[in-house]
Amino acid sequence: MMLRSVSTDTDPGSWDAFVSGHPLATGYHRYGWKEVIVEAFGHVPYFLSACDEVGGIQGVLPLIHMKSVLFGNFLVSVPFVNYGGLLCNSTAAAEALLAKAERLRCELGADHVELRHLGAQVPGLPTRQHKVTMLLTLADDAERQWQTFNCKLRNQIRKAQKCGLECISGGLELLDEFYAVFARNMRDLGTPVYSRDFFRRVLAAFPEETRVFVVRSGAAAVGGGIAFWFRTTVEVPWASSISSYRTMCPNDLLYWEVIRFAIDRGFRTLDFGRSTPGEGTYHFKKQWGAEPVPLNWQYLFPDGTPFPELNPKNPKFRLAVRLWKQLPLVLTNLIGPRLVRNIP
């Protein structure tokens, strides 16, 4: 079939039907993320679809425009989450969507377009592979999974249990406990925190595909995570614990309970989320048996443009990170969401 047009006004049901039927789709290609990001952060979306002559969708590209004095002007597919990018049935659809994205970049005066691809690459585009995602193949039952762990990991999980930690799971009713832990940990890492409203909107938009996990020591929340799933994979895109409780191994108990939850419901893979090879979070995820899968972040930008470096290791941000760690939690919770809305 010949392509008829590239549209920014696609019916959500038709969009999600295409995503559901595409073998390379991720949960972040779903149309619901448009509303979440627009309402939580106020950014302008450009959800592009390439259609054939009878109106059938042949490809999609969800883009979000981000612009600020501090962090620049760019388009991302998809910011604040791990994946996105092109999802197409044909080379013609991919070419049409990329051409439209480049025209948008020029019209908006944006520096670049960032496509966060999992797996497939677009030939010829500048590509970074500085991050990996960590994937664990799940056993058929929890006991078999337990037997795959080494003695150290098993002991860490047992230690959390012996220390009296317990992990519960649920929905919106646990959001405040999760957020208190998450916000404190982000401050301690020197990173601005997302607003509570962002997580509330994620849970509200995907009530059948999300679950909140909270680790408690007595009545106090000391760890937590939010799980999001699509098809046979469960991902934990946001997880934290309070550093002063680290010797009690709350993170180990948290992920063990997520694994048990996933196995009980027949999921086949746990996605631990993206990491930088060699760093602490990478080794934590590796100990569970998770294997690294390279992420392909690809770009549209003028020749000679360097790759963007919006990360805490950029020398421009190191002083800001150190100062942020010293600020009172009440202040970082107030200022953080205003800053992080422009950091993809």
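The values are calculated or read from the model by the stated rules, or taken from the named source; none is laboratory data. Owing to the predicted nature of the structure, the values given are computational and were not obtained by experimental measurement. Note: ideal-geometry Cβ built from the backbone for every residue, glycine included; neighbour counts use all protein chains shown. Surface areas here come from the heavy atoms of the whole protein model, side chains and all, with no ligands, DNA or RNA. Shrake-Rupley method; radii C 1.70, N 1.55, O 1.52, S 1.80 Å.
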Members of the range 41-90 that are open to solvent by 30 Å² or more (accessible area, probe 1.4 Å) and within 13 Å of THR8 (Cβ to Cβ): VAL44, PRO45, TYR46
Unmet criterion (only one of (1) under 23 Å from SER275 (Cα atoms); (2) touching a Cys at 6+ places or on another chain (Cβ under 7 Å)) for ALA160: (1)
Residues of the range 35-67 that turn out to be part of a loop (DSSP other than H, G, I, E, B) and either at pLDDT 95 or above or under 21 Å from PRO192 (Cα atoms) (or both), as a count: 2
Unique match (being touching a helix residue (DSSP H, G or I) at 6+ places or on another chain (Cβ under 7 Å), surrounded by fewer than 17 Cβ atoms within 10 Å (Cβ to Cβ) and at pLDDT below 95) among ASP188, ASP197: ASP188
Checking THR26 against (1) touching a residue at least 12 places away in the same chain (Cβ under 8 Å); (2) among the polar types (S, T, N, Q); (3) open to solvent by 40 Å² or more (accessible area, probe 1.4 Å); (4) under 25 Å from PRO294 (Cα atoms), the condition it does not meet: (3)
Test: residue in the range 316-332 that is touching a residue at least 40 places away in the same chain (Cβ under 8 Å) and either buried (at least 20 other Cβ atoms within 10 Å of the Cβ) or of a type in the set (Ser, Thr, Tyr) (or both): yes
Those residues of the range 91-110 which are surrounded by fewer than 17 Cβ atoms within 10 Å (Cβ to Cβ) and either in contact (Cβ under 8 Å) with a residue 24 or more places away in the chain or farther than 13 Å from PHE301 by Cβ (or both), in sequence order: THR91, ALA92, GLU95, ALA99, GLU102, ARG103, GLU107, LEU108, GLY109
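Condition check: of a type in the set (A, V, I, L, M) and surrounded by fewer than 21 Cβ atoms within 10 Å (Cβ to Cβ). Does ILE263 satisfy that?
Taking the combined requirement at face value, the residue satisfies it.
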Flag for GLU173 being part of a helix (DSSP H, G or I) and of a type in the set (Asp, Glu): yes
Hits in the range 203-252 - residues which are assigned to a helix (DSSP H, G or I), more than 21 Å from THR133 (Cα to Cα) and touching a strand residue (DSSP E or B) at 6+ places or on another chain (Cβ under 8 Å): LEU203, TYR245, MET248, PRO250
Residue in the range 119-140 that is surrounded by fewer than 16 Cβ atoms within 10 Å (Cβ to Cβ), at pLDDT 95 or above and within 30 Å of LYS325 (Cβ to Cβ) present: no
Failed criterion for GLN145 (all others in (1) touching a helix residue (DSSP H, G or I) at 6+ places or on another chain (Cβ under 7 Å); (2) among the polar types (S, T, N, Q); (3) open to solvent by 20 Å² or more (accessible area, probe 1.4 Å); (4) part of a helix (DSSP H, G or I) hold): (3)
Residue list for the range 148-172, filter: surrounded by 13 or more Cβ atoms within 10 Å (Cβ to Cβ) and either among the charged types (D, E, K, R) or modelled with pLDDT under 95 (or both): ARG154, ARG158, LYS159, GLU166
Count of residues meeting criterion [open to solvent by 40 Å² or more (accessible area, probe 1.4 Å), in contact (Cβ under 8 Å) with a residue 12 or more places away in the chain and not in a strand (DSSP E or B)] in the range 267-288: 5
Qualifying positions in the range 302-344 - assigned to a loop (DSSP other than H, G, I, E, B) and either modelled with pLDDT under 75 or touching an Asp or Glu at 6+ places or on another chain (Cβ under 6 Å) (or both): LEU310, ASN311, PRO312, LYS313, ASN314
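Tell me whether the range 233-252 contains one or more residues that are among the charged types (D, E, K, R) and within 14 Å of the chain's Cα centre (by Cα). Let's see the steps before the verdict.
So in the range 233-252, the residues among the charged types (D, E, K, R) come out as 235, 246, 252.
Then drop every residue that is not within 14 Å of the chain's Cα centre (by Cα), which leaves 235.
Within the range 233-252 (the criterion being among the charged types (D, E, K, R) and within 14 Å of the chain's Cα centre (by Cα)), the answer is yes, since at least one residue qualifies.
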Qualifying residue in the range 2-12 (condition: part of a strand (DSSP E or B), loosely packed, with under 15 Cβ neighbours inside 10 Å and at pLDDT below 95): yes
Unmet requirement for LEU70, which otherwise passes all of (1) within 27 Å of ALA320 (Cβ to Cβ); (2) part of a loop (DSSP other than H, G, I, E, B); (3) free of Cβ contacts under 8 Å to residues at least 60 places away in the same chain: (3)
